[in-house]
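The values are calculated or read from the model by the stated rules, or taken from the named source; none is laboratory data. Everything quoted here is computed from the prediction, not taken from an experiment. Every residue, glycine as well, gets a Cβ built from its backbone with ideal geometry; the counts of neighbours run over all protein chains shown.
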Amino acid sequence: MPAPVEPRLFALPSPPSSARGLRTRAALVAAARAVFERMGFLDARLIDITTEAQCSAGTFYNYFDSKEQIFSAVLEQAKEEMMHPGTARVPDDADPATVIEASTRAYLIAYQRNAKLMGLMEQVAGISPEFRRLRHERAEAFVARNARSIANLQARGLADPEVDADLASRTLSGMISRVAFSYFVADVELDEYPRADLDEIVRTASRLWVNALRIPESDPGGKEQS
């Protein structure tokens, strides 16, 4: 028999069914994000969130059970933004190297926007097994998405067929996320090291991704080169 699924301590309730309820919930999440980014997770109190949202504690408890649960909602919103940052300016027929560079840029820009939350997630995951699991699940979602993309490229004959798509995704996704954390969270806090600009980070990270998978690079006219 499969092992029983452990219930999530901070599992999010179903979203409200009414437009007004959705607006109120969104306002609470936005207020909580502002408070967490300003005060940190440990120092933030529910009264700080309700004051920021200009609502009562009773209203808060209509939507969330605890500070931890609304922090999960804030992180989930950030994850969705980073999972689907949008690359609308990339043509549908763009070559893989161009798509990878555009995707890397969009992800890093989204990460930079959410850098304070990413730093808080690391801090809270260090003391909370539940948030450590939440961080793991978030990382797995990125790995699974990128593994599907790599497998698709392999099936089209555009990536090294000898590498395992899942392991390649774990390696390359870990590289990108660690670079993002280093430049947008850790280095900002330390303020001790010379900083590369975003364009340089995107170019280097994209080239390493392309080279690792032996993906043909495009020429200036947009044609793939073998």
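For the stretch 163-178, a residue qualifies if it is surrounded by 15 or more Cβ atoms within 10 Å (Cβ to Cβ) and either in a loop (DSSP other than H, G, I, E, B) or not assigned by TED's automatic domain parsing to the domain that holds Ala141 (or both), and exactly one does: Val163. Do we find a residue being touching a residue at least 60 places away in the same chain (Cβ under 8 Å), farther than 28 Å from Ile215 by Cβ and buried (at least 19 other Cβ atoms within 10 Å of the Cβ) anywhere in the stretch 55-71? Within the stretch 55-71, one or more residues are touching a residue at least 60 places away in the same chain (Cβ under 8 Å), farther than 28 Å from Ile215 by Cβ and buried (at least 19 other Cβ atoms within 10 Å of the Cβ).
Rundown of residues vs (1) modelled with pLDDT of 95 or more; (2) under 27 Å from Ala11 (Cα atoms); (3) buried (at least 20 other Cβ atoms within 10 Å of the Cβ), yes/no style:
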{"site": "Ile150", "(1), (2), (3)": "yes, no, yes"}
{"site": "Pro161", "(1), (2), (3)": "yes, no, no"}
{"site": "Asp191", "(1), (2), (3)": "no, no, no"}
{"site": "Arg195", "(1), (2), (3)": "no, no, no"}
{"site": "Ile215", "(1), (2), (3)": "no, no, yes"}
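Within the stretch 131-156, being under 30 Å from Phe41 (Cα atoms) and hydrophobic (A, V, I, L, M, F, W, C) holds for Phe131, Leu134, Ala139, Ala141, Phe142, Val143, Ala144. Of all residues in the stretch 106-142, those being surrounded by 20 or more Cβ atoms within 10 Å (Cβ to Cβ) and more than 18 Å from Val74 (Cβ to Cβ) number 2.
Scanning the stretch 104-115 for residues being closer than 15 Å to Ser182 by Cβ and of a type in the set (D, E, K, R) gives a total of 0.
Considering (1) of a type in the set (A, V, I, L, M, F, W, C); (2) at pLDDT 95 or above; (3) under 10 Å from the mean Cα position of the chain (by Cα), the lone condition that Ile70 does not fulfil carries the number (3).
Return yes or no: is Ser72 among the polar types (S, T, N, Q) and either not assigned by TED's automatic domain parsing to the domain that holds Gly157 or not in a helix (DSSP H, G or I) (or both)? If you could, list the steps in order and put the result at the bottom.
Details: among the polar types (S, T, N, Q): yes; either not assigned by TED's automatic domain parsing to the domain that holds Gly157 or not in a helix (DSSP H, G or I) (or both): yes.
Judged against the criteria, Ser72 is a match.
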